[in-house]
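Each reported figure results from applying straightforward, stated rules to the coordinates on display, with no laboratory input. Predicted, not measured: the structure shown is a model, and the values here were computed from it. Glycine also receives a Cβ, built like all others from the backbone with ideal geometry; neighbour counts cover every protein chain displayed.
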Amino acid sequence: MNEVTESEITQLLNDEGFKFLTGDINFIEYGGKWYKTDDNEGYDIIEIINTEDIGLEGAHKYIVDLSYVYLPDLEDHNLVSALECSGYNKPAYYHTIPDLIKVECLHSYGATDHIYDISGNNLKQMIEHIIKASYSHPWIQNYKENTDNEQQP
């Protein structure tokens, strides 16, 4: 197994436009999430999960997950439930909550479109693979194209 550092993974993700969303500074050991926005209020989310950290010790050390959140398509009840589960209990202020907080709450709540995941031991190769999937997965491309078409007059 090739050892990789947090800085190498961060650089790889940053080079492809992903920014750190949340997680531990030692995300290789304890997990982390990155996001990239598109032009239509959508967010690609990559999550690194160390299976040993969550008690799933087995054949593979890591799971890397790719999800998509499209804020305009959200049903209000999903957003409200996600925010409440994350400790936001003042509905009158929901409209003031920044989009990235909404995205993190929705992802943690499970109100995302799961696109792809991969498990294995070589984290760098897995990240490279999931980044390619974020660009080439037909579901993401079709979803973004349909959304673009709906927004045109």
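Along its three principal directions, the equivalent ellipsoid of the range 11-144 from the Cα gyration tensor extends over semi-axes of 26, 18, 13 Å, largest first. In this calculation the C-beta distance from TYR135 to ASP73 is compared with R0 = 22 Å, giving a FRET efficiency of 0.55. With a sphere of radius 9 Å drawn around the Cβ of ILE115, what net charge do the other residues whose Cβ falls strictly inside it have (Lys, Arg +1; Asp, Glu -1)? Neighbourhood net charge equals -4.
Mean separation of Cα pairs under 8 Å and 6 or more residues apart, divided by the residue count, gives the range 11-144 a relative contact order of 22 percent.
Pairs with C-alpha atoms separated by more than 22 Å, drawn from the list LYS61/LYS124; LYS33/LYS132; LYS61/LYS102; LYS33/LYS124, are LYS61/LYS102. Computed about its Cα centre, the charge dipole of the range 13-121 is approximately 280 debye, with only Lys, Arg, Asp and Glu carrying charge at their Cβ.
Projecting the Cα atoms of ALA92, ASN121, HIS60 onto the dipole axis of the range 11-144, where Lys and Arg carry +1 and Asp and Glu carry -1 at the beta carbon, places ASN121 farthest toward the positive end.
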